[in-house]
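Working notes for the structure below.
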Amino acid sequence: MNTVRCLLLASAALSLSACTTTSDSSRQQTLSITARSGVKTLVAKNWHIDDACRQIDYPAMTVAEKPKHGRLEIVREPVYPKLVGKQSKCAATKVNGIVAYYTPDPGYTGRDRLIIRSPYEDGKIEEGVLTVTVIK
């Protein structure tokens, strides 16, 4: 039975400057996003499903570096998985997942940064490094 475990850094409001680096035990994605001051913004989502689009479990998602000018909230909620290949059939099926939201401090404008980690495959770690430009 194949399973899909995926950390997807949100594409909403992304000014994409993604770079992925990998090693035998980890991979890293670097992205730049734009968020409005004081407004909750989706920054990542994660799910763990089988080939029949059924949830296997809630994947782990941890904060490796907290933002300095806002807060990061990780919650369980239904998501539409964004997948390619044979699992793309699951893209129209809502599954239970983990979602990360970043909310900049009200009135703050400027840059912020946060890092989210999530396991994938057997013992490997994916790290999402997000640079946030906060605007009014």
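Points worth noting:
- Considering the range 45-68, and only residues there that are β-branched (Val, Ile, Thr) and in a strand (DSSP E or B), the residue that is nearest to Gly123 (Cα to Cα) turns out to be Thr62.
- Residue count for the range 116-136 under the criterion of being over 14 Å from the mean Cα position of the chain (by Cα) and modelled with pLDDT of 90 or more: the result is 4.
- Looking at Ser118, Ser88, just one residue is more than 22 Å from Val63 (Cα to Cα) and among the hydroxyl-bearing types (Ser, Thr, Tyr), and that residue is Ser88.
- Listed by first and then second residue, the pairs linking a residue in the range 61-90 that is surrounded by 12 or more Cβ atoms within 10 Å (Cβ to Cβ) to a residue that is among the polar types (S, T, N, Q) and in a loop (DSSP other than H, G, I, E, B), with Cβ atoms under 7 Å apart and 6 or more places separating them unless they lie on different chains, form an empty list.
- Meets criteria (in contact (Cβ under 8 Å) with a residue 24 or more places away in the chain and in a strand (DSSP E or B)) for Val39: no
- Extreme residue, modelled with the lowest pLDDT, among residues of the range 69-107 that are in a loop (DSSP other than H, G, I, E, B), over 14 Å from the mean Cα position of the chain (by Cα) and more than 17 Å from Leu42 (Cα to Cα): Val84
- Residue list for the range 116-136, filter: touching a Lys or Arg at 6+ places or on another chain (Cβ under 9 Å) and under 14 Å from Ala64 (Cβ atoms): Ser118, Pro119, Ile125, Glu126, Glu127, Gly128, Val129, Leu130
- Breaking point among (1) touching a residue at least 40 places away in the same chain (Cβ under 8 Å); (2) buried (at least 17 other Cβ atoms within 10 Å of the Cβ); (3) among the β-branched types (Val, Ile, Thr), for Thr109: (2)
- From the list Gly128, Gly107, the one residue that fits, being out of contact with any Cys (no Cβ under 9 Å at 6 or more places or on another chain) and more than 15 Å from Ile33 (Cβ to Cβ), is Gly107.
The values are calculated or read from the model by the stated rules, or taken from the named source; none is laboratory data. Predicted model, so just to flag it, every value in this text is computed and none were measured. Counting neighbours? That spans all protein chains shown, and the Cβs are built from the backbone with ideal geometry, glycine included.
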